[in-house]
């Protein structure tokens, strides 16, 4: 079971990376951008938390996205220690590409599965995620 989960996750990430490179993104950067597009400007630390990523990884992603002109960083008006990240108007064309890529990736992933089978797979994956989350939390509590 674990080997299949690993292989599926690896292939999914590989395909996502190939598709995202076509628009100049690395895997994970699209998630950061989606969060900014959907929720508006946010503290960089909050982005790291919601994306379940470490601060240095988010910092690198934000810097790359800023160099590409897709995000802007600015100090918080209420706390100079806090950095606010926001999507730029230039990123809106990227949004259409990311949505297209995610739709294509989903099409590749589910291929010919009918709606009922998709629901079953989604339910099973949710159960696996809950199991692994509980196991990870239990291990963290043991430390």
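Since every read-out is calculated from the coordinates, none of them should be taken as a lab result. Here the structure is a predicted model, which means the values were calculated and not measured. Quick reminder, even Gly has a Cβ in these numbers, built from the backbone with ideal geometry, and neighbours come from all protein chains shown.
Worth a mention:
- Order of 74, 91 - criterion: other Cβ atoms within 10 Å of each residue's Cβ, fewest first: 74, 91
- Added length on full extension, which subtracts the Cα-Cα distance from 0.36 nm per residue, residue 133 to residue 105: 7.6 nm
- The long axis of helix 92-110 is offset from the longest Cα principal axis of the chain by roughly 10 degrees.
- Rounded to 10°, Cα long-axis angle of helix 29-39 versus longest principal axis of the chain: 70 degrees
- For the chain, the relative contact order comes to 21 percent (Cα pairs under 8 Å, sequence separation of at least 6).
- Most fluctuating residue given options 88, 59, 78, as computed from a GNM of the chain linking Cα atoms under 10 Å: 78
- Between the alpha-carbon centres of segment 66-110 and segment 5-29 there is a gap of 17 Å.
- Dividing the helix sum by the residues of the chain, where each DSSP H run of 4 or more adds -39500 (n - 2.57), gives a mean residue ellipticity at 222 nm of -23000 deg cm²/dmol.
- Between helix 55-67 and the chain there is an angle of about 60 degrees, using the helix long axis and the longest principal axis of the Cα atoms.
- Computed on the Cα trace of segment 38-143, the radius of gyration divided by the Kirkwood hydrodynamic radius gives Rg/Rh = 1.08.
- Those residues of segment 42-65 whose amide nitrogen sits under 11 Å from the label point placed on residue 82, 7 Å along Cα→Cβ: 42-46
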